[in-house]
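The values are calculated or read from the model by the stated rules, or taken from the named source; none is laboratory data. Just so you know, these numbers come straight off a predicted model, no measurement behind them. Positions of Cβ are generated from backbone atoms using ideal geometry, with glycine treated the same way; all protein chains shown enter the neighbour counts. SASA here: full protein model, heavy atoms, side chains in, ligands and nucleic acids out. Shrake-Rupley method; radii C 1.70, N 1.55, O 1.52, S 1.80 Å.
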Amino acid sequence: MAAGAARLSLPARELRLGADLPDIDMHVFFSHSYRDVAINSYFLRHFVRDNIPLRADQKSDTWCVAKLERYLFEARGFISVITRRPNDQDAAAYSTYIGHELDLARRARIPRLLFVDQQVLARHVTRFPEDVVPFDAAAPEQNDERHRTAIAEFLESARFSVPPLQGLRRSNEATLVVDDSPALRRIADEVAELLRREHFSVTRQTPNRKSRAMDDVRLLETLWRSELCVFLLGERLSDVHLALAMAYAHFIPVLRLQYDKAATDCSPTLQGEIRWKSEPDLLVEFRNQLGSFRRGFVEPVEMARGENEKEALQKTGTARWNASDANLWDSSDGPALLTHIATRESTVQEEVKRARKLAKDANPGLAGREHEFALCQVMYDEFKRGRYAYEIEPQTGTRAGVQAIRWPMQIVHGKAATCIDLACLFAALFEAAGLQALVIVVETAKMAHALPGYRAAGEPAWDKPSLGDLRRAVTAGDAVFIEGTGAVEADSPVTAEEGGSRVDKLLDFASARDVAERLIRRQDLRLVHFVDVRKLRG
């Protein structure tokens, strides 16, 4: 249901950045929070009207700073919509990733246009340059004229902007800069081989004290020409670090691989540094980085013309991720969902252990159904604190009728989930906590949806229950179902929610239960699958 748009190079004559510009690939980098579809749709309507050739990075589970540097390196300008991302510590917080993209644009010194939520700006005014344009998230249209003027001024400033080092960079050329250390020579060969497999022509450099990296003009010119530079850094400060500083100052796309005996995780930092100890782990992450670097950006303005602003932004915000065969579920096979209820995964076990303690501390005397209900609420509330995002089903490239379901660890890593992801996750949490977990899949003429729940203590298993049976069980308290998507951020109602029931894009537990019950009672509903986890395990 979600797909990225094909890369499209627009003719210069169609762009309002100036018909007298040379016929090169022009674009403006668009930085935005994927979760804020409503506010982004407001601004995208302006960008469509002015025919701005936006490029945006489709959401992915790989954070590749070199890719961002590459596109900013080529961009005529930078537009950012910075929205509020509240957390437990700061009600006016914003995405650190969006903040870093802004830092990159400031370092690249390209024309920029920054729209910032006025609540964020009031709380963090010194973190932004003085040329920001505030907006009211509740009613952005009240400053519509100011926004139009700001866009016009930005287009004028970008009109004759020339990308840094235009004409010097050569596609498919990579420079590998390696610390002169025996420990790094073998991994350098492996990194070079992976670059060649991605069709890069690799130039290898090993600066040392004799070469005086800071004064080596030929090294600097080699870095300028490269589409991508990879730095393999040893533990001690060396001339390779000086060469890296040169690349940083000239805003050259760089992957930084820092050897560190104390490293435990190869995931890149916010700034893009990859600290590693294990060679196999490094090579896995390096391949992920190369894959992300090679993927083109999507074009929200062109996508919005083919559909509408909301659908274009939803597709941009649907993560690309590599689903394995183990993630795939045949949607015609209800019992097969059992395979995706990962009760023994460490993420689930740790969450349940914490929830049990919290429930016991808050309600030490509860037992039976009251204890089950309190435990269910604690697990819901604790997961909600993670501020995950709701997504429509991602494109997996698989055959029709097959859906990819994330494992709990993949949800945590990607910070996003679909309704079926959440149904399986909550069912795993319920089962691990000793509850008799259930999953139902229902549909109407316009949608299909999954709900997690549990059979109450003392309630025997049902043999092929109907919707009427489930409705009676819910009314009697013999079963509890929740709207799993209420625990993740959604910009608009997902199923049977009433307008305005979400607070900061989330449902409280009582509302999540009410929404699930309201959906189950819909007269146009059909029960597709009923999965009793304990019964199937037996």
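In table form, for the structure just shown:
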{"item": "For the stretch 64-128, size of Cβ-based charge dipole, Lys and Arg +1, Asp and Glu -1, in debye", "result": "240 debye"}
{"item": "Distance between modelled label sites at Glu193 and Arg305, nm, 7 Å Cα→Cβ extension", "result": "4.6 nm"}
{"item": "With eigenvalues of the C-alpha gyration tensor scaled by 5 and rooted, the stretch 473-538, Å", "result": "24, 14, 12"}
{"item": "Sequence-separation-based contact order of the stretch 189-311, relative, with Cα cut under 8 Å and 6+ spacing, percent", "result": "18 percent"}
{"item": "Whole-Å semi-axes of the ellipsoid equivalent to the stretch 114-153 (Cα gyration tensor, √5λ, descending)", "result": "18, 14, 5"}
{"item": "Global size of the stretch 220-322 as Cα Rg and Dmax, reported in angstrom", "result": "17.5, 53"}
{"item": "Entries in Lys360/Lys464; Lys384/Lys415; Lys59/Lys505; Lys360/Lys384; Lys67/Lys315; Lys353/Lys415 that, when Cα-Cα distance is taken, lie over 23 Å", "result": "Lys360/Lys464"}
{"item": "Extreme residue, positive dipole direction of the chain, given options Ala362, Ile252, Val412 (C-beta unit charges)", "result": "Ile252"}
{"item": "Under-5 Å amide H pairs with Leu176, H placed in peptide plane, nonlocal only", "result": "Thr203, Arg204, Gln205, Val230"}
{"item": "Ranked by how many other beta carbons lie within 10 Å on average, peptides 500-511, 50-61 from highest", "result": "50-61, 500-511"}
{"item": "Debye log10 I(q)/I(0) for the stretch 363-494, one point scatterer per Cα, at q = 0.11, 0.12, 0.13, 0.21 Å⁻¹", "result": "-0.43, -0.51, -0.59, -1.34"}
{"item": "Space enclosed by the convex hull of the alpha-carbon atoms of the stretch 432-519, per residue, Å³", "result": "110 Å³"}
{"item": "Over the stretch 256-396, relative contact order from alpha-carbon pairs under 8 Å, at least 6 apart, %", "result": "16 percent"}
{"item": "Å² per residue, accessible surface of the stretch 98-169 at 1.4 Å", "result": "54 Å²"}
{"item": "Residues of the stretch 359-482: accessible area per residue with a 1.4 Å probe, Å²", "result": "40 Å²"}
{"item": "Check: the stretch 459-529 dipole with +1 on Lys, Arg Cβ and -1 on Asp, Glu Cβ, in debye", "result": "280 debye"}
{"item": "Alpha carbon convex hull of the chain, volume per residue in cubic angstrom", "result": "171 Å³"}
{"item": "Ranked packing of 410-422, 249-261, most packed first, by mean Cβ within 10 Å", "result": "410-422, 249-261"}
{"item": "Protein accessible area in the chain, 1.4 Å probe - carbon and sulfur %", "result": "47 percent"}
{"item": "Paired Rg and Dmax values of the stretch 306-383, which use every Cα atom, in angstrom", "result": "18.8, 59"}
{"item": "Theoretical FRET efficiency, 1/(1+(r/R0)^6), r = Cβ-Cβ of Asp103 and Val217, R0 35 Å, to 0.05", "result": "0.80"}
{"item": "In Å, descending, principal axis extents of the Cα set of the stretch 305-345", "result": "44, 23, 17"}
{"item": "Farthest positive-ward along the chain dipole, Cα basis, beta-carbon charges - from Ser33, His529, Ala336", "result": "Ala336"}
{"item": "Net dipole in debye of the chain [+1 Lys, Arg Cβ; -1 Asp, Glu Cβ; about Cα centre; nearest 20]", "result": "680 debye"}
{"item": "Accessible area of the stretch 491-538 divided out per residue, in Å², using a probe of 1.4 angstrom", "result": "53 Å²"}
{"item": "5 angstrom amide H check on Gln436, placed H, neighbours 5+ away", "result": "Arg455"}
{"item": "Per-residue HN-Hα couplings for the stretch 456-463 [Karplus 6.51, -1.76, 1.60; θ = phi - 60°; Hz; x = Gly/Pro]", "result": "5, 4, x, 8, x, 5, 9, 9"}
{"item": "Positive minus negative residues near His32 (Lys, Arg vs Asp, Glu; Cβ under 15 Å)", "result": "+1"}
{"item": "Gain upon complete extension [Glu130, Glu350; 0.36 nm per residue less C-alpha separation]", "result": "74.7 nm"}
{"item": "Relative contact order of the chain, defined on C-alpha pairs under 8 angstrom at six or more residues apart (%)", "result": "14 percent"}
{"item": "Of Gln349, Leu282, Pro300, farthest towards positive along the dipole that unit charges on Lys, Arg, Asp, Glu beta carbons give the stretch 262-376", "result": "Gln349"}
{"item": "Ratio of Rg to Rh over the stretch 85-174 (Cα coordinates, Kirkwood Rh, two decimals)", "result": "1.06"}
